[in-house]
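A short worksheet on the structure shown next.
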Amino acid sequence: MTMLDPAIQKTFDQQRFERLKEVVAEYLDDEGGTTSKLLQDLQRAALENSQYFVGRVDEYTELQDFFS
């Protein structure tokens, strides 16, 4: 069994940020996507998730308010 050095492991926040960067790149890099499509899909995802994650409604509402 290999032991990983905790000093080199990424925190959850760092991992989440890296995944977010990948998503943004998928929308805006080589394929010629638009910021508008990224924001529309982000808004749609927030709406769909807010319907599912009832316990986090306030956070999703704040995100929705940003787009209003």
Qualifying residue in segment 22-29 (condition: modelled with pLDDT under 90 and either more than 12 Å from the chain's Cα centre (by Cα) or outside any loop (DSSP other than H, G, I, E, B) (or both)):
yes
Is it true that some residue in segment 41-62 is loosely packed, with under 10 Cβ neighbours inside 10 Å and at pLDDT 90 or above?
no
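The values are calculated or read from the model by the stated rules, or taken from the named source; none is laboratory data. Everything numeric here is computed off the predicted structure, so don't read it as measured data. Cβ: placed from backbone, ideal geometry, glycine included. Neighbour counts: every protein chain shown.
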